[in-house]
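Engineer: Take this structure, written in structure tokens, and hold onto it; I'll ask about it next.
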Amino acid sequence: MKLWYESPGTSWQEALTIGNGRIGAMVFGGVEKERIQINEETLWSGGPHDYNRPDAGKHLQEVRDLIFADRVEEAEEWFLKHMRSDPFCMQAFIPFCDLWMEFPEHGEAENYYRELDLERAVATVRYELNGVNYTREVFCSHPGGCMVIRITSNAQGSVSVNASLTSVHPDTSVHTDGNRTYRLVGRTGTRKSADFTKHWIADWEGPGLSFEGSLTAFCDGGQCIADGSGLKVANADTVTFVFSGATGFVNYQDIRADPTERNRQYIAGIAGRPYEDVLNEHVEDYAALFNRVSLTLGQRDSSMDRMPTDQRIRSVRRTEDAELAAIYFQFGRYLLIASSRPGGQPANLQGIWNEDEWPAWGSKWTININTQMNYWPAEVGNLPECHYPLFDLIDDLRVTGARTAELYYGARGFVVHHNADLWRGAAPVDIHAGIWPMGGVWLVQHLWDHYEYKPDASFLRERVYPAMKEAARFILDFLVGAPAGHKYPGMLITVPSYSPENAYIDAQKRRRFLSYACTMDLQLIRDLFERVLIASDLLREDAAFKDEVKDALDRLPPMQIGRYGQLQEWLEDWDRPSDHNGHVSHLYGLYPGNQINEVDTPELFAAVRNSLELRNSGRTHNWPAAWRSGLYAHLRDGQRAREHIVDLLAESTNPNMMNQRQPFPMQVDANFGGSAGIAEMLLQSRARYKGDQAEYQIDLLPALPIQWSEGSVTGLRARGGFEVDMVWADGLLKSAAVRSLNGSACTLRYREESILCMVGAGEDFQYCPALSNSSR
């Protein structure tokens, strides 16, 4: 499975994406001059910093009083003046360096070809020049910790190349050993922007992170020298460059590590080893994750295989190309492996790839949808290890967010608002969008999802429950009783409340942002409280806290259905047909939440569909299209789910298959969300609990579109510790194999048929609905 092209990339949108979780790189594939743009996961602007305002909490009651007095604009102004973080924007994920390779006298080439092999995680460039065939292979090795570039030809002594490193950061210098190593050493520092509203990034005064990029050449034959301009290789048979980048980052409070020593250790682990050994180690490590899932969609069309990937993307509306959707699914899994490995930082707004010194929105973690969507394919897509960097971020935010909860709300537990950065800011930032203290509540749901996909009492006790309990403690202290004269007096509500990045127009035609008890708040809280209660039963502990949570859960207002038959986004019926906002936060309860389904809540289920139709603006793009694909999958509407996958490909996919729609920057969330949407069309699962007992349900092909009437999949994961393989033809399931990893029972559902699946740990259950016969 490959992305392939017939010409070099001329822009960042055409460069090929590689990464090992720590280093991310964009390979352009130039002939005479090659550029590889490089990021390192911890090179951010700024430095250790506490964003909290110590006196913010004394202004909270004023904000609440103004909202209840219907003086919403004043409440927003008061909050931003007195409670917004210091500074009121966060820092940014920034470029590390560029690696340049110049090939003397390599002008017009023939038979040019470049590819990204998704099964090996290797980018390759091949071309012919003056009768000589040249090949470049580039990959980022996770076990080796480095990026490796191998240049070969079929003619002895024909490889000559000049390599150098450059950086956008002014405080840099170059150093060499005179032989084969070239180092770019620098430090980030003071940054000032003429207009912060173009990118929402704070200025910074003083020094920042130290960093170093180290490039070493290993030549077979020829000559290699290093000087101030770079590495010069002449007349070699082959050359292998090894690049390592590192910073002084230890954690969000400590940036005193030595990047030179880190690089020395990384490169020492590769130096002297045969190239094939390093390559095979990389492929083995990567394939152990990627090969867990295979997917074929539709009938194989050899004519599409002969079409370069950029042309296939351009023609996706004109020509049915189910296989391209399968590639898109696997590309999302590829990106998650490349950008999120245990022990590292989680994938940010751009994953681990950014070329802009001032990236839009700081390329940070936006946690009112985008960061969460990055990890939607982690569990169902059989990459649970890739979820761990997000859990580590949560652990850090439990510390910084506890201080924010105390200072801003006088609350126990921890709170996070709509953004976080490398320095683990948890306070409200930016504009009204930051007045959303639900970020931590949503993030901890990912810990619960990971537990449900692989039930493990130790993980539940040590990582899941403590984080959920702290998030619940904050909410218990944040909730207030609705005053008389307002809707649902005496019931517990959130205030201030905000439905992420959307505005309402009230009965007096006023366009406003803040309110109380927005629907998404209540859905997130209900999921959190119910899961805390379940965890308490499973662990058989915390009876007193369980009672406190249950009492609060019983006092939450219900979801509302409005005058258009829609699920209301706000407690009042303010939804309107003219609102086509990409955010559909109030539909969280259907997906990825756990509160709305066709069987238990049919009226709300129908209201979600009406909300989507009300919000419909025709073709969609970027992450809103990805979210809608998952929502329609859970509405059992495969055709509409597929339409949004096609929208993703046609409206906001670059030639390199990364998600972007001008004038917006690349955002990797849509790639991940699209992968998850495709998986949810093929397999869905849920858990129901009775005391400390779980009952698992797995739905097979719940939203299969007619264009994917034939296909197969192996290795998708379901809640309860199951892996599922399926084969289908003529739109009908032919067979399914369900592997139980821990011996749990489950109910399989396909269309109107249900069957109990009971096998031991490590055993398969064979299900053949067409034969009405199932067995172990």
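Engineer: Tell me the mean residue ellipticity at 222 nm calculated for the chain from its helices only (DSSP H runs of n ≥ 4, each -39500 (n - 2.57), averaged over every residue, nearest 500).
Structural biologist: -9000 deg cm²/dmol
Engineer: Hey, another quick one. In square angstrom, what is the accessible area per residue of the chain with a 1.4 angstrom probe?
Structural biologist: Numbers: 27140 Å² over 776 residues.
That works out to 35 Å² per residue.
Engineer: Sticking with this structure for a sec: Can you compute 3J(HN,Hα) from phi for each residue in region 356-370, using the Karplus curve 6.51 cos²θ - 1.76 cosθ + 1.60 with θ = phi - 60°, rounded to whole Hz and x for Gly and Pro?
Structural biologist: 9, 5, 10, x, 4, 6, x, 6, 9, 9, 9, 10, 9, 4, 5
Engineer: So, one more: Residue 32 versus residue 55, label points 7 Å from Cα toward the beta carbon: distance in nm?
Structural biologist: Spacing of the two 7 Å Cα→Cβ label points: 6.4 nm.
Engineer: Follow-up question, since we're still on this one. Round to a whole number: what % of the accessible area of the chain belongs to carbon and sulfur, probe 1.4 Å?
Structural biologist: Carbon and sulfur atoms account for 47 percent of the accessible area of the chain.
Engineer: Further question: Would you pull out the residues with amide H under 5 Å of residue 731's amide H, same chain only if 5 or more places away, H placed 1.01 Å from N?
Structural biologist: 710
Engineer: Please determine, in degrees from 0 to 90 and to the nearest 10, the orientation of helix 388-409 with respect to the longest principal axis defined by the Cα atoms of the chain, where the helix direction is its Cα long axis.
Structural biologist: The angle comes out near 50 degrees.
Engineer: Could you give the alpha-carbon Rg of the chain over 2.2 N^0.38 Å, rounded to two decimals? Could you put the intermediate results ahead of the total?
Structural biologist: Values: Rg = 26.7 Å, N = 776, 2.2 N^0.38 = 27.6 Å.
My calculation over the Cα atoms of the chain gives 0.97.
Engineer: Just read off the accessible area of residue 352 with the full protein assembly in place, 1.4 Å probe, to the nearest 10 Å².
Structural biologist: Near enough 0 Å² of accessible area.
Engineer: Go through region 127-134 residue by residue and turn each phi into a ³J(HN,Hα) via Karplus (6.51, -1.76, 1.60, θ = phi - 60°); whole Hz please, and just put x for glycine and proline.
Structural biologist: 7, 10, 9, 6, x, 10, 9, 10
Engineer: At 1.4 Å probe size, put 734, 546 in order of accessible surface, largest to smallest.
Structural biologist: 734, 546
Engineer: Here's something else I'd like to know. What distance in nm separates the simple spin-label points at residue 511 and residue 277, each placed 7 Å from Cα in the Cβ direction?
Structural biologist: Those two pseudo-labels are separated by 6.5 nm.
Engineer: Taking 2.2 N^0.38 Å as the expected size of a compact globular protein, what ratio does the Cα radius of gyration of region 61-190 give against it, to two decimals?
Structural biologist: After normalising by residue count via 2.2 N^0.38 Å, the value is 1.87.
Engineer: Can you sort 258, 699 by solvent-accessible area, 1.4 Å probe, largest first?
Structural biologist: Highest to lowest solvent-accessible surface, that is 258, 699.
Engineer: Across region 425-432, in residue order, what do the Karplus-derived ³J(HN,Hα) couplings come to in whole Hz, using 6.51 cos²θ - 1.76 cosθ + 1.60 with θ = phi - 60° and x for Gly and Pro?
Structural biologist: Listing the rounded values in order: x, 10, 7, x, 10, 6, 10, 4 Hz.
Engineer: Can you give me the angle between helix 439-453 and the longest principal axis of the chain, using Cα atoms only, in degrees from 0 to 90, rounded to the nearest 10?
Structural biologist: Tilt relative to the chain: about 80 degrees.
Engineer: Would you kindly work out the equivalent ellipsoid of region 518-656 from its C-alpha gyration tensor and give its semi-axes, the square roots of five times the eigenvalues, largest first in whole Å?
Structural biologist: Working through the eigenvalues yields semi-axes of 32, 18, 13 Å.
Engineer: Taking K and R as +1 and D and E as -1, what net charge do the other residues with C-beta under 9 Å from the C-beta of residue 724 add up to?
Structural biologist: Every neighbour counted, the sum reads 0.
Engineer: Can you list residues whose amide H is under 5 Å from residue 351's amide H, if they're 5+ apart or on another chain and H is modeled 1.01 Å from N?
Structural biologist: 668
Engineer: Take every Cα pair under 8 Å in the chain that's 6+ residues apart, average their separations, divide by the length, and report that relative contact order as a whole percent. Let's see the in-between values first.
Structural biologist: Details: 1818 pairs, mean separation 91.7, N = 776.
Answer for the chain is 12 percent.
Engineer: How many percent of DSSP beta bridges within the chain run antiparallel, rounded to 5?
Structural biologist: Of the beta bridges lying entirely in the chain, close to 95 percent run antiparallel.
Engineer: Let me ask something else. Simple spin-label model, 7 Å along Cα-to-Cβ: residue 732 to residue 747 in nm?
Structural biologist: 2.5 nm
Engineer: So, one more: To the nearest 10 Å², what's residue 678's accessible area with a 1.4 Å probe?
Structural biologist: Roll a 1.4 Å probe over it and residue 678 shows about 0 Å².
Engineer: Using a 1.4 angstrom probe and counting only protein chains, how large is the accessible area of residue 185 in Å², to 10?
Structural biologist: Its heavy atoms expose roughly 40 Å² to the probe.
Engineer: With equal scatterers on the alpha carbons only and no solvent term, can you work out the Debye log10 of I(q)/I(0) for region 580-661 at 0.16, 0.17, 0.22 1/Å?
Structural biologist: The calculated log intensity ratios at q = 0.16, 0.17, 0.22 Å⁻¹ are -0.57, -0.64, -0.99.
Engineer: Based on Cα coordinates alone, diagonalise the gyration tensor for region 436-553, multiply each eigenvalue by 5, take square roots, and list the semi-axes in whole Å, largest first.
Structural biologist: 31, 17, 9
Engineer: Moving to a separate point now. Pairs of Cα atoms under 8 Å, at least six residues apart: use those to get the relative contact order of region 274-407, whole percent.
Structural biologist: Details: 89 pairs, mean separation 33.6, N = 134.
Computed value for region 274-407: 25 percent relative contact order.
Engineer: Would you please give the FRET efficiency between residue 305 and residue 706, computed as 1/(1 + (r/R0)^6) with r the Cβ-Cβ distance and R0 = 22 Å, to the nearest 0.05?
Structural biologist: 0.45
Engineer: Roughly what angle does helix 669-682 make with the longest principal axis of the chain, taking Cα atoms, 0 to 90 degrees, to the nearest 10?
Structural biologist: 70 degrees
The values are calculated or read from the model by the stated rules, or taken from the named source; none is laboratory data. Just so we're clear, the structure is a prediction, and the values are computed from it rather than from any experiment. No Cβ is skipped: glycine too gets one built from the backbone with ideal geometry, and neighbour counts run over all protein chains shown. Heads up: the accessible areas ignore ligands, DNA and RNA and are worked out on the full protein's heavy atoms, side chains in. Shrake-Rupley method; radii C 1.70, N 1.55, O 1.52, S 1.80 Å.
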